[in-house]
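Notes follow once the structure below has been shown.
The values are calculated or read from the model by the stated rules, or taken from the named source; none is laboratory data. Just so it is clear, the structure is predicted and the values come from calculations on it, not from any experiment. Accessible surface areas use protein heavy atoms only, side chains included; no ligands, DNA or RNA. Shrake-Rupley method; radii C 1.70, N 1.55, O 1.52, S 1.80 Å.
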Amino acid sequence: MESVPPLFLTIKLRKTIERLLPVGHHQRLRQYFDIYGCLRCSRNNVIYGANGFCMLCINMIGKRMRKVDKELRARKPTLPPKLEETYLRPYNSARQLLADLMPKISKGPIRKKPEPKSPRKVYMKF
């Protein structure tokens, strides 16, 4: 059984999946729209939006999905701190506290060692 393409993914993920599909696959829903009308409202005399939906329906679905995404983000629990952060926190705070005791090394360009100067000429006075 054929199904509709992945509608509610991130753009990057959707494009990755679409690259795997044959070229003709993308024309299926447009052809469906031309024959039967919008997948949602079945109207034929409207402007095509995307994925087999008319512009009105695709806009309504987009608004609803943004609302759902907003609610999901609000419900999402805060992530636990990374293990690296937990273990390195004492190390990093010690470095910050002791930073004024360490000599500062400039992060400027690396300088070459100065070339040895030739010995000074000494003139004898008579």
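Calculate what fraction, in whole %, of the accessible area of region 8-49 sits on carbon and sulfur atoms when a 1.4 Å probe is rolled over the protein chains.
58
Applying the Karplus parametrisation 6.51 cos²θ - 1.76 cosθ + 1.60 with θ = phi - 60° to the phi angles of region 24-31, what ³J(HN,Hα) value in whole Hz is obtained for each residue in order, glycine and proline being reported as x?
Here the 3J(HN,Hα) series is x, 4, 6, 8, 4, 6, 5, 4 Hz.
Once phi is turned into ³J(HN,Hα) by the Karplus curve 6.51 cos²θ - 1.76 cosθ + 1.60 with θ = phi - 60°, what whole-Hz value does each residue of region 67-72 show in order, with x for glycine and proline?
These are the phi-based 3J(HN,Hα) values: 5, 4, 4, 4, 5, 5 Hz.
Considering amide H positions built from the backbone, and no H for Pro or chain starts, which residues 5 or more places from residue 39, or on another chain, come under 5 Å of its amide H?
Distant-sequence amide H within range of residue 39: 53, 54.
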